[in-house]
Structure formats: structure tokens, C-alpha cells
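Enquirer: Provided herewith is a single structure, encoded as C-alpha cells, for subsequent inquiry.
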Amino acid sequence: EAQVTQNPRYLITVTGKKLTVTCSQNMNHEYMSWYRQDPGLGLRQIYYSMNVEVTDKGDVPEGYKVSRKEKRNFPLILESPSPNQTSLYFCASHSDRSSYEQYFGPGTRLTVT
Amino acid sequence: AQTVTQSQPEMSVQEAETVTLSCTYDTSESDYYLFWYKQPPSRQMILVIRQEAYKQQNATENRFSVNFQKAAKSFSLKISDSQLGDAAMYFCAYRRWAGGTSYGKLTFGQGTILTVHP
């Protein structure tokens, strides 16, 4: 089954404690993105990747890091989380520039206290 | 930069009735995609319908149809014969055509919560 998986689905942590949210897709997609969803703001892109070792900032990259060492994986790293990073996070992937279909992961609910 | 605006934070409809969700967008480009996504309480993002800007014909998917007004930069979603399962948050989204540096980035509106009353 074609899918994007994220782990963990729920996470409660404290300010400053480094964490990683994993994302993996099994469709051999080149393009992957991270979005955060906040009430009244919709989803906003954090980072994206066009291929292995190629990443770039989206609209709200501050406080986040990403890496793309393998084509299937695109982890999101919060090295020093703060309460304003409490949000719902989505990973998404698609196959190429012209493909309209984006596959979303199930979301990760992060709370930073 | 592209922006997408959904001016209706909440909408409600009676089961079996029709409801229209509004969306406007701003772009200087001529080629792009527009989408409506559904997010039920499970939080999964589900693609409902898409529209290519070069197509004049409005897209339709079963009970879901759009009214695409390119000149007005308007993209509304009509849900006919509403069902209880249609209750969800609905997001309008924009994506530029292939090429450039956006790499498939979706720009989302703020979302509209749809309630369906039995």
C-alpha cells in the first residue's frame, strides 16, 4: 500500500529537549515536504526536499532542521523546541514537479511545555 | 507570493442539502492548480477535488463540484446532497504549475469547519 508514515503520532515534551519526528514514504517519490498546521493559519510549509541531500526552506523554517540522506526518509528535527512549536505536523510527498497528487502522512501532534 | 483566503471559518448544512464553501486566491501566474482538501477528525488530509487553471470547465467529483472563476480568482466548492460523513475541516490550496522553485509547495487557506446536521 502506497503511504507516508510518521512517528510518533503524539508527542509531549519540554522546552529545549531535542526531538526528531520521522517521515518515510514507500513510493520512491523525489519530493518531500513538512508542513505545520495551526488554528486560523491553515498549513504552512516548513522545509522541502527535491531529492537526496537537496533541501530548502519553506515559509516557516525557523527552529527546525531537516535531512534527506535516503530517498524514502525525511526527518524533521527540533534541536531546542519551544512552546510556539506546539502544532500539528504533516509530512507529504509527490513524485515529480508536474504531479498534482500529494500524499500526506497521518500527522504528528506535538506539545511543547 | 501567493495567498489563499477562506473567509468562512465555519459553515453548517442540513443533511441532504447543498452547501458552498468559498475560497479566493491571489497570484500573478497564469498556470497553476487549485485543490480542495478534506480533513476529518482523524486529521488525515484527503484530496477532494482539483482544478487545473488552464481548464475552463469546472471540475466535478460525484457530489463535489467547483465554481472556478479565473479572472475573479475565486474557487468555491459545492457539496450537494450533504451527508453526515462530509463533516470536516475543508482547506482550499494553491500550487503553481511545474517548474520554478516552488517544488510542489501547497499554499493553504485558513480552513472552513463544516458541520452537517441530521
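Enquirer: Using just the C-alpha positions of the protein assembly as shown as equal point scatterers, what log10 of I(q)/I(0) does the Debye formula give at each q in 0.16, 0.17 1/Å?
Expert: Relative scattering, expressed as log10 I(q)/I(0), comes to -1.13, -1.25.
Enquirer: Separate question: Based on alpha-carbon centroids, what's the gap between region B:11-54 and region A:79-94 in Å, whole number please?
Expert: 24
Enquirer: Lysine pairs in chain B 8 or more apart or on different chains: how many have alpha carbons under 19 angstrom apart?
Expert: 7
Enquirer: Output wanted: per-residue J couplings in Hz (rounded whole) for region B:72-82, from phi through Karplus 6.51 cos²θ - 1.76 cosθ + 1.60, θ = phi - 60°, x for Gly and Pro.
Expert: Karplus-based 3J(HN,Hα) across region B:72-82 equals 7, 6, 10, 8, 9, 10, 10, 10, 9, 6, 3 Hz.
Enquirer: Give the average, rounded to an integer, of partner chain Cβ atoms located within 10 angstrom of each Cβ in B:109-115.
Expert: So the per-residue partner count for this stretch is 2.
Enquirer: Can I ask one more? Looking only at trypsin sites (Lys or Arg not before Pro) in DSSP loops with at most 14 other Cβ atoms within 10 Å, what is the longest site-free stretch of chain B?
Expert: B:64-118
Enquirer: Rounded to a whole number, what % of the accessible area of the protein assembly as shown do carbon and sulfur atoms account for, probe 1.4 Å?
Expert: Accessible surface attributable to carbon and sulfur in the protein assembly as shown totals 47 percent.
Enquirer: Ballpark to the nearest 100 Å², how much total accessible area do B and A bury together, probe 1.4 Å?
Expert: Rounded to the nearest hundred, the buried surface is 2200 Å².
Enquirer: Taking θ = phi - 60°, what integer Hz values does the Karplus form 6.51 cos²θ - 1.76 cosθ + 1.60 yield along region B:38-46, in sequence order, with x for Gly and Pro?
Expert: 10, 10, x, x, 5, 6, 5, 8, 10
Enquirer: Excluding residues fewer than 8 places away in the same chain, name every one of the lysines whose C-alpha is closer than 26 Å to that of A:Lys17.
Expert: A:Lys57, A:Lys65, A:Lys69
Enquirer: Also, quick follow-up: What does the C-alpha gyration tensor say about the overall shape of region A:11-53? Classify as rounded when a/c is under 1.5, otherwise prolate if a/b is larger than b/c, or oblate.
Expert: oblate
Enquirer: Oh, and also: With springs only between Cα atoms under 10 Å apart, run a GNM on chain B and tell me which of B:Glu15, B:Glu61, B:Glu52 wobbles the most.
Expert: For chain B, modelled as a Gaussian network with Cα springs under 10 Å, the answer is B:Glu61.
Enquirer: Tell me the per residue accessible area of the protein assembly as shown using a 1.4 Å probe; a whole number in Å² is fine.
Expert: 46
Enquirer: Further question: Give the shape of chain A as rounded, prolate or oblate, defined through the alpha-carbon gyration tensor: a ≥ b ≥ c are the square roots of its eigenvalues, a/c under 1.5 means rounded, and otherwise the shape is prolate if a/b is larger than b/c and oblate if not.
Expert: The shape class here is prolate.
Enquirer: Determine Rg/Rh for region B:27-118; Rg is computed over alpha-carbon atoms and Rh is the Kirkwood hydrodynamic estimate from the same atoms.
Expert: 0.98
The values are calculated or read from the model by the stated rules, or taken from the named source; none is laboratory data. The structure presented is a predicted model; accordingly, all values stated were derived computationally and were not measured. All Cβ positions, even for glycine, are placed from backbone atoms using ideal geometry, and neighbour counts span all protein chains on display. Just so you know, the surface numbers come from the protein's heavy atoms only, side chains and all, with ligands and any DNA or RNA stripped out. Shrake-Rupley method; radii C 1.70, N 1.55, O 1.52, S 1.80 Å.
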